[in-house]
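What follows is a set of notes on a single structure, which appears directly below.
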Amino acid sequence: MELGELRLAVCCGIRWLSPFGPVRVEIGYPLDKEEDEDSSVVLFSFGAPF
């Protein structure tokens with residue numbers, strides 16, 4: 001990846017240590033969106049990372 005290929009985005013998320021294991025929800029918005037991209041990205045994770 002070249003330095004000129006870097007892009008900007010903003011993101012926020014919530015992490016919760018639930019009784020069943022860690023839960024993580026994050027949403028991101030690209031600031032310099034390209035034509036073929038989604039307007040937002042949502043990530044959901046449950047359990048411990050490997």
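Laboratory data are not the source of any read-out in this text; all were calculated from the coordinates shown. None of these values were measured; they are calculated from a predicted model. All Cβ positions, even for glycine, are placed from backbone atoms using ideal geometry, and neighbour counts span all protein chains on display.
The set of residues in the range 25-50 being farther than 25 Å from LEU6 by Cα and not small (Gly, Ala, Ser) consists of PHE46, PRO49, PHE50. For ALA9, the test of being of a type in the set (A, V, I, L, M) and more than 14 Å from the chain's Cα centre (by Cα) is failed.
Kindly provide the set of residues from the range 21-43 that are part of a strand (DSSP E or B) and either over 12 Å from the mean Cα position of the chain (by Cα) or exposed (fewer than 13 other Cβ atoms within 10 Å of the Cβ) (or both), ordered by number. Correct list: GLY21, PRO22, VAL23, VAL42, LEU43. Filtered by the rule that a residue be within 19 Å of LEU31 (Cα to Cα) and surrounded by 10 or more Cβ atoms within 10 Å (Cβ to Cβ), the range 11-20 gives CYS11, GLY13.
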